[in-house]
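Here the structure comes first, spelled out in structure tokens, and everything after it is commentary.
The values are calculated or read from the model by the stated rules, or taken from the named source; none is laboratory data. The model shown is predicted, which means the values in this text are computed figures rather than measured ones. Don't worry about glycine lacking a Cβ; one is built from the backbone with ideal geometry, like all the others, and counts go over all protein chains shown. Protein only, heavy atoms only, side chains kept; ligands, DNA and RNA dropped before computing areas. Shrake-Rupley method; radii C 1.70, N 1.55, O 1.52, S 1.80 Å.
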Amino acid sequence: MHKQMLGLLPLGSKAHLTEMYGYSSKGIPGLEIVGLGSKGKAIKEKFIFLSKKYNLKIAPKRYVLCIDDNTVLGSLSSKEELYRWLELPLLILYWSMAGVLPIQNLSDCLCAGRISTRGKIEPFRFDETSSDFLHRLDDLKLKVIASYNDDLRGLTYFIPLDEIIKFPDAS
């Protein structure tokens, strides 16, 4: 099985879209995150922890998640934690491939957000300054996975985050 989607990196007043893809195959079961260097290991362990914490049944396969954008990620200083905005889309990609989440087609979806080990999701919040960017996404027919707020009113293609993923004891 293979899937892909877009992640969003907020870079000051601009945003950068990055390709993300994943596949599962027979082989030694496990999860691998490629394209984040050493930062990928911490995210991988967080995903494994959350899967165990919520007793999710993950099929014993090899799962590989890839971020296809070393130019932006490679230029980040160690103090910048922009890569964390890719946690939510990577988790959605992983759990979708594993059959845990109800969403199957992610190829036209865009998402950004961070996740705590307590299950608290912090999605990227679009605001009034994002309207031009959101209109461009609408023109491209990209579905934005985000929490609903008033600034997303005019968006044609929108998937409410709560319909895809919600942790029962998030705090």
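Please pick out the residue among LEU8, LEU65 that is within 12 Å of the chain's Cα centre (by Cα), open to solvent by less than 50 Å² (accessible area, probe 1.4 Å) and either over 30 Å from LEU134 (Cα atoms) or at pLDDT below 90 (or both).
LEU8
PHE158 - would you say it is modelled with pLDDT of 75 or more, open to solvent by 40 Å² or more (accessible area, probe 1.4 Å), among the hydrophobic types (A, V, I, L, M, F, W, C) and closer than 19 Å to LYS46 by Cβ?
Answer is no for this residue.
Report, by residue number, each residue of the stretch 141-155 that is open to solvent by 100 Å² or more (accessible area, probe 1.4 Å) and modelled with pLDDT under 85.
Answer for the stretch 141-155, where residues must be open to solvent by 100 Å² or more (accessible area, probe 1.4 Å) and modelled with pLDDT under 85: TYR148, ARG153.
Residue by residue through the stretch 84-108, note down the ones that are over 21 Å from GLY30 (Cα atoms), surrounded by fewer than 23 Cβ atoms within 10 Å (Cβ to Cβ) and in contact with a helix residue (DSSP H, G or I) (Cβ under 7 Å, 6 or more places away or on another chain).
ILE103
Of all residues in the stretch 11-36 being open to solvent by less than 70 Å² (accessible area, probe 1.4 Å) and out of contact with any helix residue (DSSP H, G or I) (no Cβ under 8 Å at 6 or more places or on another chain), which is farthest from SER131 (Cα to Cα)?
GLY27
Take the residues of the stretch 122-139 that are open to solvent by 40 Å² or more (accessible area, probe 1.4 Å) and either more than 20 Å from LEU161 (Cα to Cα) or touching a Ser or Thr at 6+ places or on another chain (Cβ under 6 Å) (or both): which is modelled with the lowest pLDDT?
The residue in question is THR129.
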